[in-house]
Amino acid sequence: MKTAPSLSLILAFSAIAPAVCAQQANSRPSLPAAAAPSPTQKNIEAYLRNLYAFGPDVLLAVGAPKETPVEGLLETTIDLNISGNKQTVKFYVSNDGRFLFRGELSDMTKDPLAENRAQIQLNDAPSLGDPKAVVTLVEYSDFECPVCRNLHDVLRGMLPNYAGKLRVVFKDFPIEQLHPWARTAAIAGRCAYQQDPKAFWKMYDFIYDNQEIISAANAWTKMLDYAGQSGLDAEPFRACMASPEAGTAVNASRANGQQLDVSSTPTVFVNGRRIVGADAHLLEQYINYELAQQKSGKAQQK
């Protein structure tokens, strides 16, 4: 599983930060000027810097705490910037400034998955399977991510078992800080989709099946090769790869993932229920649960 830098997965920072900081030791990014922080904000910053050994080269900005529906509990955001690797993470702090925690604040009077389903943007995204299928699986993936390749293999083996019942939707979420050719592949996928939506899934297979031989140096050539093998017209494909439109679509897909707090790839939503990683058993559990719920609902209507 590949992870964008975040406080929620701080161990990933431990592996990523030293290399990144070594490459850009002389360039310290800057954040826009803000109002003077309160004592609580200062305490949170000092606590996190000490806990995770963040030196002065790491920019950490604590947002002003805001009220939540829970009395005595405030919400704040932590903006972290390690040599250009940026992430915003939501935290909660007690009203007296004593306790700090990261987690989900759930209102049990509401459908816990409705907000996810409402935020996932399915328009103009490659999809496979019956659009009216009972279960929709949305994957936010990075073509260079090894665990995303594992998910690709899992889904290829799983889909025949759910013919007519499962729809798969692909969303680009390249993590460029870790994967130098992921964006090139994402743009190639978008160009394939724009020329022929069915050809996208051929490109999807080619890229994941050949992931180990693709590099930043040969990615452009490989994408043109796979486009040809997918039956796409070379000249329109090449023009699309060089134009800004496909990149804009990739950016929009990634921004949609960020709205859903996606920070790792692959992140999958099964009818709105989140899974991080490529656990085949958990995917089947979620899919089968949704199918059973649908079957139970129909039985009760009789």
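The values are calculated or read from the model by the stated rules, or taken from the named source; none is laboratory data. All values derive from a computational prediction rather than experimental measurement. Note: ideal-geometry Cβ built from the backbone for every residue, glycine included; neighbour counts use all protein chains shown. The area values use the complete protein model at the heavy-atom level, side chains included, leaving out ligands, DNA and RNA. Shrake-Rupley method; radii C 1.70, N 1.55, O 1.52, S 1.80 Å.
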Query - Accessible area of residue 111 in the full protein assembly, 1.4 Å probe (Å², nearest 10) - result: 80 Å²
Query raised in the report: With springs only between Cα atoms under 10 Å, which of 246, 292, 35 fluctuates most in a Gaussian network model of the chain?
Result: 35
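How many percent of the accessible area of region 104-246 is carbon or sulfur, using a 1.4 Å probe? Spell out each step's value before the answer.
On the way: 3570 of 6960 Å².
Solvent-exposed carbon and sulfur of region 104-246 make up 51 percent of the total.
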Query raised in the report: How far, in degrees from 0 to 90, does helix 280-301 lean away from the longest principal axis of the Cα atoms of the chain, to the nearest 10?
Result: 80 degrees
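Taking a quarter of the surface of the convex hull around the Cα atoms of region 179-302, what do you get in nm²? Before the final figure, lay out each step's value.
Numbers: hull surface 39.5 nm².
Hull-based average projected area comes out at 9.9 nm².
How do 184, 221 rank by accessible surface area computed with a 1.4 Å probe, from largest to smallest? Intermediate results must be reported in sequence, preceding the final value.
Details: 184 40, 221 95 Å².
In descending accessible area the options line up as 221, 184.
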Report summary line: Highest GNM mean-square fluctuation among 203, 223, 158, for the chain with Cα springs under 10 Å, belongs to 158
Report summary line: The alpha-carbon pair-distance distribution computed for region 94-154, with 10 angstrom bins and whole-percent values, is 14, 30, 31, 17, 8, 0
Query raised in the report: Nearest 10 degrees, 0 to 90: what angle lies between the long axis of helix 10-23 and the longest principal axis of the chain (Cα atoms)?
Result: 90 degrees
Report summary line: To the nearest 10 degrees, the tilt of helix 182-195 (Cα long axis) against the first principal axis of the alpha carbons of the chain is 40 degrees
Requested in this report: Determine how many Å³ per residue the convex hull of the Cα atoms of region 69-190 encloses.
Outcome: 159 Å³
Report summary line: Rounded to the nearest 10 Å², the accessible area of residue 107 using a 1.4 Å probe with every protein chain kept is 80 Å²
Query raised in the report: Taking all pairs of different Cα atoms in region 123-188, averaging 1/r and flipping that mean, what Kirkwood radius in angstroms comes out?
Result: 12.7 Å
Report summary line: Taking the dipole of region 160-302 about the Cα centre (Lys, Arg +1; Asp, Glu -1; charges at Cβ), the one of 166, 291, 263 that reaches farthest to the positive side is 291
Requested in this report: Provide the three semi-axes, in whole Å and in decreasing order, of the ellipsoid equivalent to the chain as defined by the square roots of 5 times the Cα gyration tensor eigenvalues.
Outcome: 36, 28, 15
Query - With DNA, RNA and ligands ignored, accessible area of residue 237 (1.4 Å probe; Å², nearest 10) - result: 0 Å²
Query - residue 265 long-range amide H proximity, modeled H, under 5 Å - result: 2, 3, 4
Query raised in the report: So for region 144-239, taking the charge dipole from beta-carbon charges (+1 Lys/Arg, -1 Asp/Glu), which of 154, 216, 226 sits furthest toward the positive end?
Result: 154
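If you filter region 114-171 for trypsin sites (Lys or Arg not before Pro), then keep DSSP loop positions with at most 12 other Cβ within 10 Å, what is left?
Taking region 114-171 and a limit of 12 other Cβ atoms within 10 Å, the loop trypsin sites (Lys or Arg not before Pro) found are 132.
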Report task. For region 61-138, report the accessible area per residue in Å² (1.4 Å probe, heavy atoms, rounded to an integer). Result -> 62 Å²
Query raised in the report: Looking at this model, which pairs from 171/202; 86/171; 42/66; 165/198; 110/165 are more than 23 angstrom apart at the alpha-carbon?
Result: 110/165
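Provide the percentage of antiparallel DSSP beta bridges, counting only those with both residues in region 72-195; round to the nearest 5.
Close to 65 percent.
So if the hydrodynamic radius of region 179-235 is defined as the Kirkwood radius over C-alpha pairs, what does Stokes-Einstein give as its diffusion coefficient at 20 °C and 1.002 mPa s, in µm² per second?
Numbers: Rh = 10.9 Å.
Diffusion coefficient, whole number: 196 µm²/s.
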Report task. Could you work out which residue, out of 68, 136, 267, moves most in a Gaussian network model of the chain, that is, has the largest mean-square fluctuation with Cα springs under 10 Å? Result -> 68
Query raised in the report: For the modelled label position 7 Å from the Cα of residue 284 along Cα-to-Cβ, which residues of region 259-278 have backbone nitrogen atoms closer than 20 Å?
Result: 268-271, 273-278
Query raised in the report: Can you list the HN-Hα couplings for region 71-87, worked out from phi with the Karplus curve (6.51, -1.76, 1.60; θ = phi - 60°), rounded to whole Hz and with x for Gly and Pro?
Result: 4, x, 10, 10, 10, 9, 10, 10, 9, 10, 9, 10, 6, x, 7, 10, 7
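Keeping every protein chain present and rolling a 1.4 Å probe, give me the accessible area per residue for region 238-302 in Å².
Values: 3400 Å² over 65 residues.
Spelled out: the 1.4 Å probe surface of region 238-302, per residue, equals 52 Å².
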